[in-house]
Every structure is written in C-alpha cells, then in structure tokens.
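Structure, as structure tokens:
The values are calculated or read from the model by the stated rules, or taken from the named source; none is laboratory data. From a predicted model like this one, the values you see are computed outputs, not experimental measurements. Methodologically, a virtual Cβ is constructed for each residue, glycine included, from the backbone with ideal geometry; neighbour enumeration extends over all protein chains shown. These area figures cover heavy atoms from the full protein model, side chains too; ligands, DNA and RNA do not enter into them. Shrake-Rupley method; radii C 1.70, N 1.55, O 1.52, S 1.80 Å.
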Amino acid sequence: QAQLVESGGTLVQPGGSLRLSCAAARFTLDYNAIGWFRQAPGKEREGVSCISNTDGGTYYADSVKGRFTISVDKAKNTFYLQMNSLKPEDTAVYHCAAGGELCGYYNGSYIYTPWDWGQGTQVTVSS
C-alpha cells in the first residue's frame, strides 16, 4: 500500500480558498494516477479530481470544475488540491489517493478508481 498523508484542512468562509497537500513516497507519484476524494457526513465517498500519468491530463468532477485545481511537485514528493470559490456543500473529509486503473472522463462522467488513499483531512466551509 502507498503511504499517503493529507494536510491543510480547516474552517474557511464561503467564497474563500484553501490548498490541501498530500505527502507521498516518490514512487507513488509515478503510479498510473493520483487524485483526491471527499466524503461528507451521511454521504458516500465522492471522486473529486485526478491526474493521469498515462496521458498527463487532469480531470475533475462536474461539481468542482472551474473551482478546483490538482497539481503535483515531484521534487517535494507532494501533490495538491487548490480549492477556490468554496461553497458550504464542499464541506467534507478530503482524502488523497494514488494508483488506479481509470482516471478520466468515461461515458460523459469523471471516474477515478484508486488503489490506496489516506486517512483524510477535514474541510469545513461555513460563515
């Protein structure tokens, strides 16, 4: 299993911004894909974004397109989720993830199937 540790979650006002970080082993960043999931109270885990190391593309769920940006800094063994224009419905525990067989748009929908994920960091969007 990959070793993944998220950080950066906190309380933020609606419309604000936040950047989450995921520390990982160097080899983990070269897996087929890396990405992010989130889970709100009482809801199932939801895929948010991923980077494909196969085609180099970045992919996003419809709910975050235009607001969130995924990136990776391999020199620091870290990847990120920059979140802008945050909404209360973005409140969730966010998990970073690595590996996976699928990362991209399939049948019109965003799909990422990871092999491993971290324990999560809480993001709360509220006034």
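Just a yes or no: is a residue in the stretch 26-37 hydroxyl-bearing (Ser, Thr, Tyr) and within 10 Å of the chain's Cα centre (by Cα)? Show your work before the answer.
Within the stretch 26-37, the subset hydroxyl-bearing (Ser, Thr, Tyr) is 28, 31.
From the residues that got through so far, the ones that are within 10 Å of the chain's Cα centre (by Cα) too are none.
No, there is no match, as no residue in the stretch 26-37 is hydroxyl-bearing (Ser, Thr, Tyr) and within 10 Å of the chain's Cα centre (by Cα).
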* To do: Give me the pairs, please: first residue somewhere in the stretch 102-127 and on the phi < 0 side of the Ramachandran plot, second residue anywhere and of a type in the set (Lys, Arg), beta-carbon distance under 8 Å, and either six or more positions apart or on two chains.
  => VAL123/ARG38; VAL125/LYS87
* Inspect all residues belonging to the stretch 105-116 and state whether any of them is part of a strand (DSSP E or B), closer than 15 Å to VAL5 by Cβ and either open to solvent by 60 Å² or more (accessible area, probe 1.4 Å) or modelled with pLDDT under 95 (or both). => yes
* Asked: In the stretch 13-66, how many are without any contact (Cβ under 8 Å) to a residue 40 or more places away in the chain, open to solvent by 20 Å² or more (accessible area, probe 1.4 Å), of a type in the set (Val, Ile, Thr) and assigned to a loop (DSSP other than H, G, I, E, B)?
  -> 0
* Asked: Which of (1) open to solvent by 70 Å² or more (accessible area, probe 1.4 Å); (2) over 13 Å from the mean Cα position of the chain (by Cα) does VAL125 not meet, given it meets every other one?
  -> (1)
* Give the residues of the stretch 92-104 that are surrounded by fewer than 23 Cβ atoms within 10 Å (Cβ to Cβ) and among the hydrophobic types (A, V, I, L, M, F, W, C), sorted by residue number. => ALA92, VAL93, LEU102
* Structure fact -> The lone condition ASN77 fails out of (1) at pLDDT below 95; (2) surrounded by 14 or more Cβ atoms within 10 Å (Cβ to Cβ); (3) at negative phi is (3)
* Test: residue in the stretch 80-91 that is closer than 20 Å to PHE27 by Cα, surrounded by fewer than 21 Cβ atoms within 10 Å (Cβ to Cβ) and of a type outside the set (Asp, Glu) -> yes
